[in-house]
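Structure, as structure tokens:
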4 protein chains.
Amino acid sequence: MIRYITAGESHGKCISAILEGIPAGLKLTEEFINIDLALRQKGYGRGPRMKSIEHDKVSISSGVRHGKTMGSPITLTILNKDWENWKTVMSTGMADKAGFKLTSPRPGHVDLAGIIKFNTDDIRNVSERASARGTAVHVAVGAVCKKLLNEFGIKIISFTKEIGGIKAPSVCRQAGEIIKLANSSPVRCLDKNTEKLMIKAIGKAEKDGDTLGGVFTVIADKVPVGLGSHTQWDLKLDARLAQAVMSIQAVKGVEIGYGFDVARKLGSQVHDEILYSKQKGYYRKSNNAGGIEGGISNGEPIIVRAAMKPIPTLRRPLASVDILTKKRTDAQIVRSDVCAVPSAGIIGEAVVAIEIARVFCEKFGGDSIEEMKINYTNYLNMVRNR
Amino acid sequence: MIRYITAGESHGKCISAILEGIPAGLKLTEEFINIDLALRQKGYGRGPRMKSIEHDKVSISSGVRHGKTMGSPITLTILNKDWENWKTVMSTGMADKAGFKLTSPRPGHVDLAGIIKFNTDDIRNVSERASARGTAVHVAVGAVCKKLLNEFGIKIISFTKEIGGIKAPSVCRQAGEIIKLANSSPVRCLDKNTEKLMIKAIGKAEKDGDTLGGVFTVIADKVPVGLGSHTQWDLKLDARLAQAVMSIQAVKGVEIGYGFDVARKLGSQVHDEILYSKQKGYYRKSNNAGGIEGGISNGEPIIVRAAMKPIPTLRRPLASVDILTKKRTDAQIVRSDVCAVPSAGIIGEAVVAIEIARVFCEKFGGDSIEEMKINYTNYLNMVRNR
Amino acid sequence: MIRYITAGESHGKCISAILEGIPAGLKLTEEFINIDLALRQKGYGRGPRMKSIEHDKVSISSGVRHGKTMGSPITLTILNKDWENWKTVMSTGMADKAGFKLTSPRPGHVDLAGIIKFNTDDIRNVSERASARGTAVHVAVGAVCKKLLNEFGIKIISFTKEIGGIKAPSVCRQAGEIIKLANSSPVRCLDKNTEKLMIKAIGKAEKDGDTLGGVFTVIADKVPVGLGSHTQWDLKLDARLAQAVMSIQAVKGVEIGYGFDVARKLGSQVHDEILYSKQKGYYRKSNNAGGIEGGISNGEPIIVRAAMKPIPTLRRPLASVDILTKKRTDAQIVRSDVCAVPSAGIIGEAVVAIEIARVFCEKFGGDSIEEMKINYTNYLNMVRNR
Amino acid sequence: MIRYITAGESHGKCISAILEGIPAGLKLTEEFINIDLALRQKGYGRGPRMKSIEHDKVSISSGVRHGKTMGSPITLTILNKDWENWKTVMSTGMADKAGFKLTSPRPGHVDLAGIIKFNTDDIRNVSERASARGTAVHVAVGAVCKKLLNEFGIKIISFTKEIGGIKAPSVCRQAGEIIKLANSSPVRCLDKNTEKLMIKAIGKAEKDGDTLGGVFTVIADKVPVGLGSHTQWDLKLDARLAQAVMSIQAVKGVEIGYGFDVARKLGSQVHDEILYSKQKGYYRKSNNAGGIEGGISNGEPIIVRAAMKPIPTLRRPLASVDILTKKRTDAQIVRSDVCAVPSAGIIGEAVVAIEIARVFCEKFGGDSIEEMKINYTNYLNMVRNR
């Protein structure tokens, strides 16, 4: 069974994860993971830190030997390339010159709630861990899970649906095409016209010292029918995806399929009628359910959408209160992305991949890729003969 | 630590739950739980089953003695009052006359995915468990958690925001007022004018053999700062709430605070500036974050919104395929609610209460109400002195 | 994945469990479970309560339909046949005449630690839950798991190894023979001569108002190679078995295979040399490891042994202190078994069955017996071809 | 809540762990952890690898800043100092010259079961992870938990009880004295005479190319009453300790308190009578229960004993079968400790510390040391006033 845990502070020595439950025999290289790490760092709207210092590379230090997983836990580490400059501020050891404390909590961040909960007077002690920087290692974990799913023909893809209120039109496209279009757009938007408007909006926000949020879509393609379960609240696939996606920094809303729009339609308009043909087996003409009914994948593509709030660190800072003096002050300015929605889509892919890999492994069992493939093939045969 | 597991089929002998981790010494009666069970069953738009047969009453058979919890697991059971009529169809023992099988899967339900996953040829074997009937026992579990939270001044409330596209206007109200207005409205809507339009829309859908969905809001009031944690993806309070709410039957979208609307605003417009006064301590003038920043409660009311799809069982049935003959057929008609959004709000309260009680117990520890209260009071003192 | 949770007080209305993760399509009847419940209640050395009032019968109220599991949670309930006489003392509701409180904690029981932890002044509030009566429902859960394992040829058996220091000689026997001999002995001892001595020792202890403990052995026969995992501490099969067996009331020691004796031998004397023949595949001539190496089943029978302390409630009571007056007093006398080792073996079978079923389901996946069987067969083919 | 996961292969680049749930504000240095790492490596009977290459030093790379924990996950890494020599054999990347495969499984090791389960033809792919080398990182995790427990006056100590059948006499000693005596003995034996005999036995086994096991004792001193719970099987403290200790490589038996000897006594001889004095509160004159009754700590020292089998890798190898040729062969010789019981005691301390810290945090809650201390003090006051 897949489980994972991450660790690391934004400007600490490294961020890392231990991922367990990937079957033995899966081909896996650092290069494969680095592709997704690079995609996370790209995107119009990212600040100077993204552009200059960080070019994330993962290092695998356990669980893989000679290019293949062994069934043992996989350790994934991403070094902080700028560690030299942070050695004192973020030292784990005692430090004489620890530097000044951060005392101006930023609205929209963990800062204020965090220092109260953990009883500290330096916001850095919580903000470093809460930073979206930590998502890099989720992307690494997600890449491993994607590699596993790829072996079974499952693809996890994403694109930007909205930025700052500018929405891309809905068009139906093949998975391969979506990947190509998203990867070639600086905002991961599938529509060239909308892309231009998005870039313009980001430019304006940047000029104004402001930030923008948006909406991204993640699709899991070729997921077999039967993942997740209706039998217990915490086994439902949609619920698990909702947790995973909502756990991404700055996400404030999650939808499956039609999502909130479904609340505004009649029952006769939204449910995906069931059809059958000898060739295809059961199929649907629409996919308003987003591939999940009753907490179980139904064989259609799984569609998850998420709303991301504008980045809470503004160059033109919001009002705050100094936690020591209790005087009105400006919120700390720590970094300066203007819009991170394109990156968030990549992170969304990762967490969706992890959850789908998790339920996949639960259903198909097996300790090696070979065993899992036999189990999978047999199940598909059972499905076909229904 | 709180954990719970539920069981039971819709027309089986009973539905039940075992709830663990409630501290000892909490006053608890069946009557208190029955109040919420009754609220779940009310509401304009419910079908005849709701109106006639079921008047749910919980029975506590463990974990409580002489009106107080003992710290041991609490068993909550709700009998099926119509069991006499279902004894044969739902018998756990061998049955000669098992009755006909259900073979027409309903779009929007677990039916088709479920029978394939669990390899059965009777849809009843999955639909009985997937039924929204099962939510009654979540409401019972939630009521126990509410009782615990009430001891600490925390209230969980809900109301209907939208039905069939008809939206209630946003007005700021006190918790007590919301409870009163919602409980006195047949659709749990706080606005009398909107209520009329909602009732009319439900009436029309009923006449047309159709169904309606909507949006409900759950608020957790007086939650202290510091519940949940930013330190790991699966400890974030918003993520856990998202899982809990998305696990409710028919929910397809979840938002915290501003939710999807936040994606359409500038950073400077949405983040809740931090203020301080000697009397109030830290406070905000707005609550767009919905009470959670960085996965931690920030002391403001927690606001969760969810989109519910129209009930998938239509009196005017959708197209389906008979799973035995593979011929086109009409989807099974099993029950006939037209709109269950008002009930869904009560279920939403329950699952939010459970998650908040869970993080509450994690933070404050303690095996008895008395111990927990001392811990809580001391923490509030620490907060006040920050 | 299998998980379960139990509830219920000894003299409450019922004890119950919810068991989740049993695949669909398993034949299961209450009668099958009742066989083990009866075995638990038998045995020389049990007190009058066992003999007269309780003849446990399980009731299945969910998860099973027409004699087969559905993949949904299974609720198992055992009613307290003497409930009429306990209705007031154990009432969940307010009670005017609650009866006197128990205030003399028994050494060796949870009594004193429990009332302090849960902050109560009535020992009954903790002792009722801690009672070994609760093991009946573990036996029921174990019986379901045994039924599952039986489908794959795995048998879980037990016998009494020692009572009050009287040890049965070690003889090698077939599983079927062990079952027959154990079930026909009033102390579940395989050796007739030892049986007589054990019965005599129990008789003497009874006369003296004293109690006896002992040692029982549980064997899991025909377990395939490859269950459990060395890759993480909490996945090791031996460790999980140790937790399960140590969780049984009164168990103070657990051994796998040679156990403590292994500590007194040379390496060359204890490790089971590896052999191979075309017919058998890999095999061993000895099984000192008890079927588990490195946390993984190795294909040999799994052997678990446990030490049970003498029942702590003595007819001739031990010294204690009244928790209200703080005066020296006699420990409460609540029941009067003299020796429960034969029953403990049956409980041991149950918890071992549960853990093995758990790792079995983890490895083989599948949501129906049919799917699981295909996966299992394919794995055995892989093993054979190694 | 404390949870942790470890990773790493014996000759890989490093072994590591992520530990979560340690409250903020705990003073923690690498030096403190290194003390226990050194103790694990000491001890008469260790092979040349222990003596020369490995001098383990931990590196903390997250969760700690300026000498104090932050409440975020703590990453602990121990580098393989001999990595230069293993870079190719254990490379995670593709390797041209991967070197020869290990094909002779060692009896008593995971080797044979592991390669079958994970479907590999190189034993190294499983034996590297199963190696007792991995326990170093458990010792590091345990040291952090000890540091936490120390803040509350709880000490975790250990000593060697038996080696190769040579038993040390039982003498009652203070915790401080035990630590001093154990740390100054090359076999961690408290009795000088027995120490000599043990060393002699190890020397003889070494000369014969054989190995020895033994028994070690772990004591948790000054544990408060009320940790763990009788209310559910998997919450019992003794059961959790049994799992933790049985998960240590080569452990085949676990006892709490009197353990297996308790099975040979009368009830009147073993249960620890309850006494009370104004000064001490409740107390006992004996501690046969080993500090746990009904799954809950009772305020007496917690005593855990474990049996360790002789190391299965013998210089004079056991019979095995080549997994490729299926021909009879000698088991692989990989390392050559003769006796690791003294080290195992240190590992036992670690896993006991982890479990006790876990239940400690569950009971007392709190996110900072300060908050936890207030909660703890208040509980002790409640206990005193019972």
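The values are calculated or read from the model by the stated rules, or taken from the named source; none is laboratory data. What you are looking at is a predicted structure, and each value in this text was computed from that prediction instead of being measured. Here the Cβ is made from the backbone with ideal geometry for all residues, glycine too, and neighbour counts use every protein chain on show. Side chains are part of the model used for accessible areas, which takes the heavy atoms of the whole protein and leaves out ligands, DNA and RNA. Shrake-Rupley method; radii C 1.70, N 1.55, O 1.52, S 1.80 Å.
Between the alpha-carbon centers of region C:343-386 and region C:248-302, tell me the distance in whole angstrom.
Answer, in whole Å: 19.
List the relative contact order of chain D as a percent without decimals, with contacts defined as Cα pairs under 8 Å and 6+ residues apart.
That works out to 22 percent.
Could you identify the residue of B sitting closest to the B-D rotation axis by Cβ and state that distance rounded to whole angstrom?
Checking which Cβ lies nearest the axis yields B:Gly365, 1.
Ratio of region B:133-247's C-alpha Rg to 2.2 N^0.38 Å, to two decimals?
1.24
Compute the signed sum of charges (Lys and Arg +1, Asp and Glu -1) over the other residues within less than 15 Å, Cβ to Cβ, of D:Arg386. Walk me through the numbers before you get to the answer.
Working: positive: C:Lys101, C:Lys117, C:Lys326, C:Lys327, D:Lys278, D:Lys280, D:Arg384; negative: B:Asp367, B:Glu370, B:Glu371, C:Asp111, C:Asp121, C:Asp122, C:Asp322.
Taking every Cβ under 15 Å from that of D:Arg386, the sum is 0.
Just to check, using Stokes-Einstein with a Kirkwood Rh over alpha carbon pairs, what's the diffusion coefficient of region A:144-183 at 10 °C and 1.306 mPa s in µm²/s? Intermediate values should be presented prior to the final figure.
Values: Rh = 11.8 Å.
Diffusion coefficient, whole number: 134 µm²/s.
Give me the angle, in degrees from 0 to 90, between the Cα long axis of helix D:369-384 and the longest principal axis of the Cα atoms of chain D, rounded to the nearest 10.
50 degrees
Peptides A:207-217, C:176-186: what's the order by average Cβ count within 10 Å, highest mean first?
On the way: A:207-217: 23.9, C:176-186: 16.0.
Highest-to-lowest ranking by the protection proxy: A:207-217, C:176-186.
In Å and from the alpha-carbon atoms only, list the Rg and Dmax of region C:63-218.
Values for region C:63-218 (Cα only, Rg and Dmax): 20.7, 60 Å.
Averaged across D:131-142, how many Cβ atoms of other chains sit within 10 Å of each residue's Cβ atom?
Mean shielding by partner chains, rounded to a whole number: 1.
Report the normalised scattering of region C:199-282 as log10 I(q)/I(0) at q = 0.13 Å⁻¹, calculated by the Debye formula with identical scatterers on the alpha carbons.
With no solvent term, the Cα-only Debye profile gives -0.70.
Return the Cα extents of region A:287-384 along principal axes one, two and three, sorted largest first, each rounded to a whole Å.
68, 33, 23 Å, listed from the longest principal axis down.
What is the sum of charges, Lys and Arg at +1 and Asp and Glu at -1, for the other residues whose Cβ falls under 9 Å from the Cβ of D:Leu318?
Result for the neighbourhood of D:Leu318: -1.
Kindly express, to the nearest 10 degrees and within the range 0 to 90, the angle between helix B:192-207's C-alpha long axis and the longest C-alpha principal axis of chain B.
The answer is roughly 20 degrees.
Counting only other chains, and only Cβ atoms inside 10 Å, what mean value do you get across the residues of C:55-68?
For peptide C:55-68, the averaged partner shielding equals 6.
Determine, at each q value in 0.20 (inverse angstroms), the log₁₀ of I(q)/I(0) that the Debye formula gives when each Cα of region D:1-145 is one equal point scatterer.
-1.21
Keeping every protein chain in place, order C:Thr231, D:Thr77 by accessible area at 1.4 Å, biggest value first, i.e. largest first.
D:Thr77, C:Thr231
With a probe of 1.4 Å, find how much accessible area chain C has per residue, and write the answer as a whole number in Å².
Working: 12770 Å² over 386 residues.
Roughly 33 Å² per residue, with all protein chains present.
In percent, what relative contact order does region A:231-369 have, based on Cα pairs under 8 Å that are 6 or more apart in sequence? Don't jump to the answer; show the numbers that get you there.
Working: 162 pairs, mean separation 34.6, N = 139.
Relative contact order of region A:231-369: 25 percent.
Would you mind getting the Kirkwood hydrodynamic radius of region B:187-342 from its Cα pairs, rounded to one decimal in Å?
Kirkwood hydrodynamic radius for region B:187-342: 18.6 Å.
At 4 °C and 1.567 mPa s, what whole-number value in µm²/s does Stokes-Einstein give for the translational diffusion of region B:206-249, with Rh from the Kirkwood sum over Cα pairs?
96 µm²/s
Please give every one of the aspartates and glutamates within straight-line cross-link reach of C:Lys207, meaning a C-alpha to C-alpha distance under 14 Å, and leave out same-chain neighbours fewer than 8 residues apart.
C:Asp337
For label points placed 7 Å from Cα toward Cβ, what is the shortest-first list of nm distances from A:Asp322 to its copies?
For A:Asp322, the other copies' label points sit at 6.4, 7.8, 8.0 nm, shortest first.
Could you pull the copy-to-copy label distances for B:Lys196, with points set 7 Å along Cα to Cβ, in nm to one decimal and sorted shortest first?
List, nearest first: 4.9, 9.6, 10.4 nm.
Could you work out, residue by residue across C:25-35, how many beta carbons of other chains sit within 10 Å of that residue's beta carbon, and then give the average as an integer?
1
Before anything else, pin down the relative contact order of region D:75-140: Cα pairs under 8 Å, at least 6 apart, normalised by residue count, whole percent. Please list the in-between numbers first.
Numbers: 42 pairs, mean separation 19.5, N = 66.
Computed over region D:75-140, the figure is 30 percent.
Got a sec to turn the phi values of region C:336-342 into Karplus ³J(HN,Hα) couplings, 6.51 cos²θ - 1.76 cosθ + 1.60 with θ = phi - 60°, whole Hz, x for Gly and Pro?
Residue by residue, region C:336-342 yields 8, 5, 9, 8, 10, 4, x Hz.
Sorted from shortest, what are the nm distances separating the label point of B:Lys101 from equivalent points in the other copies, each placed 7 Å from Cα along Cα to C-beta?
Computed spacing set for this position: 4.6, 5.9, 6.9 nm.
Quick one: which residues, 5+ away or cross-chain, put their amide H under 5 Å from the amide H of D:Ile5? H built at 1.01 Å from N.
Result for D:Ile5 returns D:Ile18.
Expressed as a whole percentage, what fraction of the accessible surface of chain C belongs to carbon and sulfur atoms when a 1.4 Å probe is rolled over the protein heavy atoms?
Within chain C, the accessible surface is 53 percent carbon and sulfur.
So what is Rg over Rh here for region C:235-284, counting just Cα atoms and using Kirkwood for Rh?
1.12
Sequence-distant or interchain residues sharing an amide H contact under 5 Å with D:Arg65, placed H: which?
Amide H neighbours of D:Arg65, under 5 Å, 5+ apart: D:Met70.
Cα atoms only: what Rg and Dmax, in Å, come out for region A:163-214?
Here Rg and the maximum Cα pair distance are 12.0, 38 Å.
Per residue and in Å³, how big is the convex hull formed by the alpha-carbon atoms of region C:51-135?
Dividing the Cα hull volume of region C:51-135 by its residues yields 170 Å³.
Just to be sure I follow: if Rg is taken over the C-alpha atoms of region C:248-330 and Rh is the Kirkwood radius over the same atoms, what is Rg/Rh? Write out the running numbers ahead of the final one.
On the way: Rg = 21.9 Å, Rh = 16.6 Å.
Taking Rh as the inverse mean 1/r over Cα pairs, Rg/Rh reads 1.32.
Are there any residues in region D:281-305 with a reduction of at least 40 Å² in accessible surface when going from the isolated chain to the assembly of protein chains? Probe 1.4 Å, please list them by number.
Residues losing area: D:Tyr282, D:Glu293, D:Ile296.
If you plug each phi of region B:107-117 into the Karplus form 6.51 cos²θ - 1.76 cosθ + 1.60 with θ = phi - 60°, what whole-Hz ³J(HN,Hα) values come out, in order, with x for Gly and Pro?
Once θ is set to phi - 60°, the couplings for region B:107-117 become x, x, 10, 6, 2, 6, 4, x, 5, 6, 4 Hz.
Per-residue ellipticity at 222 nm for chain D, helices alone: DSSP H runs ≥ 4 residues times -39500 (n - 2.57), over residue total, nearest 500 deg cm²/dmol?
On the way: 11 runs with 127 residues, N = 386.
Rounded to the nearest 500, the figure is -10000 deg cm²/dmol.
Let me know the volume per residue of the alpha-carbon convex hull for the protein assembly as shown, in Å³.
On the way: hull volume 258.9 nm³, N = 1544.
In the protein assembly as shown, the Cα convex hull volume per residue is 168 Å³.
For chain D, what ratio Rg/Rh do Cα atoms give with a Kirkwood hydrodynamic radius?
With Rh from the inverse mean 1/r over Cα pairs, Rg/Rh is 0.99.
Spin-label point model (7 Å from Cα, Cβ direction): what's the D:Cys172 to D:Asn85 distance in nm?
Inter-label distance under the simple model: 5.0 nm.
Each residue of region A:305-312 in turn: what ³J(HN,Hα) in whole Hz from Karplus with 6.51, -1.76, 1.60 and θ = phi - 60°, glycine and Pro shown as x?
Per-residue couplings from phi come out as 10, 9, 9, 10, 6, x, 3, x Hz.
Alpha carbon centre of region D:190-231 versus region A:173-234: separation in Å?
Each part reduced to its Cα centre gives a spacing of 59 Å.
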